[in-house]
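Scroll down for the structure; my scribbles are underneath it.
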Amino acid sequence: MSTCNNEQEIAIKLSGVKKMYKLGQIGGGTLQADLQSWWARKRGKEDPNTKIGQEQRLVGQTFMALNGIDLTVYKGEALGIIGGNGAGKSTMLKLLSRITAPTAGSIEIHGRIASMLEVGTGFNGEMTGRENVYMNGAILGMTKSEIDEKMEDIIEFSEVREFIDTPVKRYSSGMYVKLAFSVAAHLDSEIMIMDEVLAVGDMAFQKKCLDKMRDAAKVEGRTVLYVSHNMNTIRQLCDRCIVLENGKVIYNGNVESAIKHYMCVDTQTKMPVYYNLSDFPRNYQFGKKLLVSDVLFVNKEQPIYEVGEKVLIRITIDSKIKVDGAQIILPIRDGDYIKVGMALSEPIDINIGTEQKFELSLDVGMLAADKYCLDIAVIKKGQNGIFYTYDDPMKKILIELKNAYAHGIEWHKDYWGDVIFPEIKLTKNT
């Protein structure tokens, strides 16, 4: 077993790890995707299977999903991995789980890995829950008698006893996750790798999973790698945290400092009042025909507001298509990047070929004092209530609310939450 200078045992070590994907080639994963890509290239069109945001890390016709990762994880450590969509989190976990191989660099793994990367990974839908347990145990090198010893604990923890002999293709996503986590947590492995799949389960089961992972690291000495967008669960579980951005580790250290780094709300950093969004990757974009190019806070040197003060924002939209009845949405998240709510504009008409500026007045009077993130997107409601997303830049717009009082009482967010409801009205007094 490898060791470091302070005699901690190394569980995982990545040195100069890169993962490059070739774009626009056959290999979309399905025959339909491959045919779509081929036909698009023949017509000189954009590949419909290329993920939004990939152009930010293109080298010729390649995409660097990971671009030089150096990381050491020690035995018994719970490491959090956070970052935006497309940062490289899932790619890293797939490399560690040996689902795919690195393009360059080396990976050392000391111990057997049990991973849970997405709903459906590692299970055969035609097999029953019990049969899948045996299959996963065999993959880890366990004997049937060893799996038999664990079976009752797995079934009890999973809460799917009634359906354990039913083919898993008939499971709901929640049942699937419960059994998959239970298998990963109870079978003999030294390393547990968990992606954000726990979000599918109910709250009570999520708590049970976090407790189990904490015990696995602290009591059993197992190594846990945990990816999540829920900063509270990162805090509860992890000893250390890394932040990924554009395929690189941009922070490695204390959990709270990592969260602040990711949220860009370090109190030592002056928050911007103007965001140029033209070059940021997008979650979704309708043919790249409509672009939210910038966001400006009106009459502010910093986006800091008294609670109850209106937030005035001016956004610029540059469009090559005409869209009547579009709407601007502002999803709001708190300092832990947990969703608080969403604001929706009245319908707007977007014209072709000219930059249009729209001034928005956002009432945040019901929010407690805290730092918040505003995401921004342009959507339109189509037939059957389906929303089409025209643009959704992957950039957090930051605001800070100060001096929260409710009904003459200073508001303590940690006790009472983010939302300050209006005063309760008495409808009857007898």
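The values are calculated or read from the model by the stated rules, or taken from the named source; none is laboratory data. Model, not experiment: these values are computed from the prediction. Backbone-built Cβ (ideal geometry, glycine too); neighbour counts: all protein chains shown.
Which one of these is hydrophobic (A, V, I, L, M, F, W, C) and modelled with pLDDT under 85: ILE154, ILE164, ILE139? Show your work before the answer.
Working: ILE154 fails: modelled with pLDDT under 85; ILE164 fails: modelled with pLDDT under 85.
One residue alone meets the criteria, ILE139.
Scanning the stretch 213-229 for residues that are surrounded by fewer than 18 Cβ atoms within 10 Å (Cβ to Cβ) and either touching a helix residue (DSSP H, G or I) at 6+ places or on another chain (Cβ under 9 Å) or at pLDDT 85 or above (or both) gives ARG214, ASP215, VAL219, GLU220, GLY221.
When ILE338, ILE332, ILE304 are checked against the criterion of being out of contact with any strand residue (DSSP E or B) (no Cβ under 6 Å at 6 or more places or on another chain), hydrophobic (A, V, I, L, M, F, W, C) and under 29 Å from ILE424 (Cα atoms), ILE338 stands alone in meeting it. Could you go through the stretch 321-337 and let me know if any residue there is part of a loop (DSSP other than H, G, I, E, B) and more than 20 Å from LEU401 (Cβ to Cβ). Yes, some residue in the stretch 321-337 is part of a loop (DSSP other than H, G, I, E, B) and more than 20 Å from LEU401 (Cβ to Cβ). With respect to the conditions (1) more than 11 Å from ILE69 (Cβ to Cβ); (2) in contact (Cβ under 8 Å) with a residue 12 or more places away in the chain, ALA101 falls short on a single one, namely (2).
Only one of MET271, MET342, MET263 is among the aliphatic types (A, V, I, L, M), within 17 Å of ASP370 (Cα to Cα) and modelled with pLDDT of 90 or more. Can you tell me which? I'd like the intermediate steps shown before the answer.
Numbers: MET271 fails: modelled with pLDDT of 90 or more; MET263 fails: modelled with pLDDT of 90 or more.
The match here is MET342.
Which residue is modelled with the highest pLDDT, if the candidates are limited to the stretch 182-208 and must be among the small types (Gly, Ala, Ser) and surrounded by fewer than 18 Cβ atoms within 10 Å (Cβ to Cβ)? Among residues in the stretch 182-208 that are among the small types (Gly, Ala, Ser) and surrounded by fewer than 18 Cβ atoms within 10 Å (Cβ to Cβ), the one modelled with the highest pLDDT is ALA204. The single condition from (1) under 17 Å from ASP392 (Cα atoms); (2) loosely packed, with under 15 Cβ neighbours inside 10 Å that ILE338 fails is (1).
Conditions tested, residue by residue: (1) assigned by TED's automatic domain parsing to the domain that holds SER115; (2) under 14 Å from LYS208 (Cα atoms); (3) not basic (Lys, Arg).
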position: LEU140; (1), (2), (3): yes, no, yes
position: SER145; (1), (2), (3): yes, no, yes
position: MET151; (1), (2), (3): yes, no, yes
position: GLU162; (1), (2), (3): yes, no, yes
position: THR166; (1), (2), (3): yes, no, yes
position: SER172; (1), (2), (3): yes, no, yes
position: LYS178; (1), (2), (3): yes, yes, no
position: HIS186; (1), (2), (3): yes, yes, yes
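The sole residue among ASP370, ASP414, ASP418 that is modelled with pLDDT under 80 and closer than 21 Å to MET231 by Cα is ASP414.
Does the stretch 111-119 contain any residue that is within 26 Å of the chain's Cα centre (by Cα), part of a loop (DSSP other than H, G, I, E, B) and more than 29 Å from GLY253 (Cα to Cα)?
The first filter runs over the stretch 111-119 and keeps only residues within 26 Å of the chain's Cα centre (by Cα), leaving 112-119.
Within this subset, residues satisfying the condition of being part of a loop (DSSP other than H, G, I, E, B) are 112, 117-119.
Now narrow it down to the ones that are more than 29 Å from GLY253 (Cα to Cα): 119.
Yes, that holds for at least one residue.
Taking the conditions (1) more than 30 Å from VAL219 (Cβ to Cβ); (2) under 18 Å from the mean Cα position of the chain (by Cα); (3) at pLDDT below 90 in turn, ASN49 satisfies each one other than (2).
Scanning the stretch 356-389 for residues that are part of a strand (DSSP E or B) and closer than 15 Å to ASP334 by Cα turns up LEU367, ASP370, LYS371, TYR372, CYS373, LEU374.
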